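Structure first, commentary second.
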Amino acid sequence: MDTFSYKRIVVVGTTSSGKSTLAKRLADKLCADFIELDALHWEPNWKEANLEVFRDRVQTAISSQVWVVAGNYHVVCDLIWPRAEAVIWLDYSFPVVFWRLLTRTIRRGITQEELWNGNREKFWWHLKLWSDESLFHWLFKTYWRRKREYPKLFAETHHSHLRIFHFKSPNRTKEWLSKL
């Protein structure tokens, strides 16, 4: 078993990389609060929370001493990262995250799984690849940008306190988690 002494962790990566799944499993192992930024951001009917409301929710959520945050919202990074001790970057290949997004989208479309605040994804939204409603559009828009941006963020001096865990494959992540 690997020693893992971090108490405040952020899990980042592109859409469908498995941020929430890993963060939840890690929070359970560490007996930590699981904080899903999407749940704090999205109001009923897919309405985005007002920025002040969102920031207040995040500030309240991270006020505890032990937590694992899932998400990438840059508008709250200044609240979370200074308190965090570690960042886990799920940096998987495009085919892996594309496949995960496709299967997740089909599953959620069929099951009408409730996500946050009564919200459910509509399968046809994602078929509109030109639309911001489509997570496929979001994936194409952000995948390569995140690969460039994260190393720069990690290198900034005010983030030098963070331990970075960089995983390039789901199998490696799963293996690491199983050893904790």
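List of remarks:
- Taking the conditions (1) surrounded by 13 or more Cβ atoms within 10 Å (Cβ to Cβ); (2) out of contact with any Phe, Trp or Tyr (no Cβ under 6 Å at 6 or more places or on another chain) in turn, Ser64 satisfies each one other than (1).
- The set of residues in the stretch 19-48 being modelled with pLDDT of 95 or more, under 21 Å from Asn119 (Cα atoms) and not in a helix (DSSP H, G or I) consists of Phe34, Ile35, Glu36.
- Candidates Phe140, Phe98, Phe165, filtered to the one that is of a type outside the set (Lys, Arg), modelled with pLDDT of 85 or more and not in a helix (DSSP H, G or I): Phe165
- Flag if Ile80 is of a type outside the set (Asp, Glu) and crowded, with 20+ Cβ neighbours inside 10 Å: yes
- For the stretch 59-77, the set of residues classified as of a type outside the set (S, T, N, Q) and within 16 Å of the chain's Cα centre (by Cα) consists of Ala61, Ile62, Trp67, Val68, Val69, Ala70, Gly71, Tyr73, His74, Val75, Val76, Cys77, listed by residue number.
- Figure legend. Inter-residue proximity from the stretch 106-117: first residues under 14 Å from Asn45 (Cα atoms), second residues of a type outside the set (D, E, K, R) and loosely packed, with under 12 Cβ neighbours inside 10 Å, beta-carbon distance below 7 Å, spacing 6+ or different chains. Indicated pairs: Asn117/Pro44.
The values are calculated or read from the model by the stated rules, or taken from the named source; none is laboratory data. Note that the structure is a prediction, hence the values are computed from the model and not measured. With ideal geometry, Cβ positions are generated from the backbone for all residues, glycine too; neighbour counts draw on all protein chains shown.
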